[in-house]
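The values are calculated or read from the model by the stated rules, or taken from the named source; none is laboratory data. None of these values were measured; they are calculated from a predicted model. Ideal geometry is used to build each Cβ from the backbone, glycine not excepted, and the neighbour counts take in all protein chains shown. Each accessible area value is taken on the protein alone, full model and side chains, heavy atoms only, with ligands, DNA and RNA left out. Shrake-Rupley method; radii C 1.70, N 1.55, O 1.52, S 1.80 Å.
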Amino acid sequence: MNKLRIPTLETNRLILRAVTMDDASDMFAYTSNPEVTRYLSFPTHSSVEDAQWAIANIFMKRPDNGSPEAFAIVDKMTHQMIGTCDFWRVDGDNTYEMGYVLNQAYWGQGIMTEACRAVLKFAFEDFGVRRMEIRHNAENIGSRNIIKKQGFTYEGVRRRLVKIDDHYSDIIYYAMLDEEFK
C-alpha cells in the first residue's frame, strides 16, 4: 500500500477516511459559512465549485506533494462529511503541520478533539511523524482549546502576522514530538 494513501479510522462517533470529490456538497455546507472560515487561510466558498476546486487541487494533490491524503470527518449517525483533519509535510525531518475545520453545527461537542486524537495516533504510531506542528489565530479560542487538549507544547507567537477584517492578528505556534504523544 502506498504510505500516502490513508486508512479508514473509526472513533466512537466518527469515521475518518480520505476526502473524495463526492464530499464537495458537504464541504460547501460548512466552507460557505463565514464563521467557519473566519480564521482559515482560504476565503469563504461562494459555490460548490469552490469546494470541488479545493478537493481536486489541494486535498487530492497531497500525495503528489509528498504528504498523506486528508482525512474527511464523517458523522457515523448521519454519514455526512462534517469537516477535515489532516497533516502535511513541512521543513524538517519527518516534520508535519496539522490543520482542521469543522461544520459549525458540530462545534462544542468534542468532535474535533476526538478526530484530532485519532489522526495524531495514526500520524505518530503508523505514519512515522517525528514532529507535529500546529498553529492558530490568537483570537480563535476554540482552536486553542483543542490544541491544548491534545497536549501540544507552546513554542511561540508571530505577532500581527495575518490580517483579519480590518486588523492584524497574532499567530500562536505549538508542536508535539513523537515521544510526547501518549
### Task
Look at residue 93 and say whether it is part of a helix (DSSP H, G or I), among the acidic types (Asp, Glu) and open to solvent by 40 Å² or more (accessible area, probe 1.4 Å).
no
### Task
Run residue 60 past the list (1) crowded, with 16+ Cβ neighbours inside 10 Å; (2) of a type in the set (A, V, I, L, M); (3) within 24 Å of residue 109 (Cα to Cα) and report the number of the one that doesn't hold.
(3)
### Query
Of the residues that make up region 79-90, is at least one over 26 Å from residue 140 (Cα atoms) and open to solvent by 20 Å² or more (accessible area, probe 1.4 Å)?
yes
### Message
Can you report the number of residues in region 100-131 which are among the aromatic types (Phe, Trp, Tyr) and touching a helix residue (DSSP H, G or I) at 6+ places or on another chain (Cβ under 7 Å)?
### Response
3
#### Entry: Subset of region 156-182 (residues that are in a helix (DSSP H, G or I) and open to solvent by less than 100 Å² (accessible area, probe 1.4 Å))
178, 180
### Task
Determine the pairs where a residue that is without any contact (Cβ under 8 Å) to a residue 24 or more places away in the chain, located within region 79-94, has a partner that is open to solvent by 50 Å² or more (accessible area, probe 1.4 Å) and of a type in the set (D, E, K, R) with Cβ atoms under 9 Å apart, the partner being 6 or more residues away or on another chain.
none
### Query
Of the residues in region 115-127, how many are farther than 16 Å from residue 73 by Cα and either open to solvent by 40 Å² or more (accessible area, probe 1.4 Å) or under 11 Å from the mean Cα position of the chain (by Cα) (or both)?
2
### Message
Can you report the number of residues in region 43-53 which are at pLDDT below 95 and either within 13 Å of the chain's Cα centre (by Cα) or assigned to a helix (DSSP H, G or I) (or both)?
### Response
0
### Query
Of all residues in region 75-90, how many are more than 20 Å from residue 4 (Cβ to Cβ) and either part of a loop (DSSP other than H, G, I, E, B) or within 15 Å of the chain's Cα centre (by Cα) (or both)?
8
### Query
Just one of 25, 32 is polar (S, T, N, Q), on the phi < 0 side of the Ramachandran plot and in contact (Cβ under 8 Å) with a residue 24 or more places away in the chain; which is it?
25
### Message
Within region 40-56, does at least one residue satisfy the condition of being of a type in the set (Gly, Ala, Ser) and open to solvent by less than 20 Å² (accessible area, probe 1.4 Å)?
### Response
yes
### Query
When residue 104 is evaluated against the numbered criteria (1) more than 18 Å from residue 33 (Cβ to Cβ); (2) open to solvent by 60 Å² or more (accessible area, probe 1.4 Å); (3) touching a residue at least 40 places away in the same chain (Cβ under 8 Å), which criterion, by number, is the only one it fails?
(1)
### Summary
Subset of region 1-33, residues assigned to a helix (DSSP H, G or I) and over 17 Å from residue 101 (Cβ atoms), comes to 21, 22
### Summary
The residue from 132, 112, 98 that alone is assigned to a helix (DSSP H, G or I), of a type outside the set (D, E, K, R) and surrounded by 14 or more Cβ atoms within 10 Å (Cβ to Cβ) is 112
### Query
Which number in (1) more than 17 Å from residue 39 (Cβ to Cβ); (2) among the acidic types (Asp, Glu); (3) touching a residue at least 12 places away in the same chain (Cβ under 8 Å); (4) open to solvent by 50 Å² or more (accessible area, probe 1.4 Å) marks the one condition that residue 139 misses?
(1)
